Amino acid sequence: MKNVLEIERLFFGYTKKRLLYEDFSLTLKKGELKAIVGPSGAGKSTLFELILGNLKPEKGTISVTSRISEVFQDPYTSFHPSYTILSQIKDVASTTNLNSYLKTLGIEEILLHSLPHQLSGGQLQRCSILRAMLMQPELLLLDEPTSALDNILQLSTMQMIVNNLDRFGVLLITHDHDLARWCADEIVEI
């Protein structure tokens, strides 16, 4: 399988005295799910910002595939408040597989015609995952994607992602060590 993410000898810190990453390397292939675990403030979300190009490393290289989707921990920051969920999905993705994902994620189609503030945090997070999947990424970045969901929806959502690993590689940030052990090919402690 081809590499969808290559991080080589990454150095990064917000201050010179405290580096979050020092000579950090990671490779992710299509078909793999790797989990990044560590305490709050360790730099897990910062790693995603570096991968997305929102932050620049002090040293090292980050090579990513062209098609990336991300799901952030706070879904309210992922959607514009003035447009319906469906219009925001259609802006960036095809809705070809919409119905199969709706069923798996437990989303009623009527919710897609709502504005973001009309949905609960869990509903909006599932819509964020739906949009990310419909974008047909080669690299899927997930930052605590199921933390706002109940246990049953957490399981079905992660099963759906694992069942689609033939289509992309996944880098998962989580505090949930049990989840990481259950789904990850490799756990990276930072």
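The values are calculated or read from the model by the stated rules, or taken from the named source; none is laboratory data. Because the structure is a prediction, the values reported are computed rather than measured. Neighbour counts run over all protein chains shown; Cβ positions are idealised from the backbone, glycine included.
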Would you check which residues across segment 28-63 are of a type in the set (D, E, K, R), surrounded by 18 or more Cβ atoms within 10 Å (Cβ to Cβ) and outside any loop (DSSP other than H, G, I, E, B) and list them? Lys34, Lys44
Please specify each residue of segment 132-183 satisfying the condition of being closer than 17 Å to Ser66 by Cβ and among the acidic types (Asp, Glu). Glu138
Does segment 4-44 hold any residues that are under 23 Å from Arg181 (Cα atoms), of a type in the set (S, T, N, Q) and at pLDDT below 95, and which are they? Ser40
Between a residue in segment 33-60 that is farther than 12 Å from Phe12 by Cβ and touching a residue at least 12 places away in the same chain (Cβ under 8 Å) and any residue that is among the charged types (D, E, K, R) and part of a loop (DSSP other than H, G, I, E, B), which pairs come within a Cβ distance under 7 Å, given they are 6 or more apart or on different chains? Leu33/Asp185; Lys34/Asp185
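The rows are residues; the columns are (1) within 29 Å of Met160 (Cα to Cα); (2) of a type in the set (Val, Ile, Thr).
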| residue | (1), (2) |
| --- | --- |
| Phe12 | no, no |
| Leu19 | no, no |
| Asp23 | no, no |
| Ile36 | yes, yes |
| Phe48 | yes, no |
Failed condition for Leu5, given (1) within 14 Å of Ile173 (Cβ to Cβ); (2) part of a loop (DSSP other than H, G, I, E, B), with all others met? (2)
Residues Leu149, Leu142: which one is buried (at least 20 other Cβ atoms within 10 Å of the Cβ), within 17 Å of Val4 (Cα to Cα) and touching a residue at least 12 places away in the same chain (Cβ under 8 Å)? Leu142
When segment 90-111 is checked residue by residue, the ones that are farther than 26 Å from Gly53 by Cα, of a type in the set (A, V, I, L, M, F, W, C) and not in a loop (DSSP other than H, G, I, E, B) are Leu98, Leu102, Leu105, Ile110, Leu111
Checking the conditions here, which among Ser25, Ser66, Ser82, Ser87 is exposed (fewer than 14 other Cβ atoms within 10 Å of the Cβ) and assigned to a strand (DSSP E or B)? Ser25
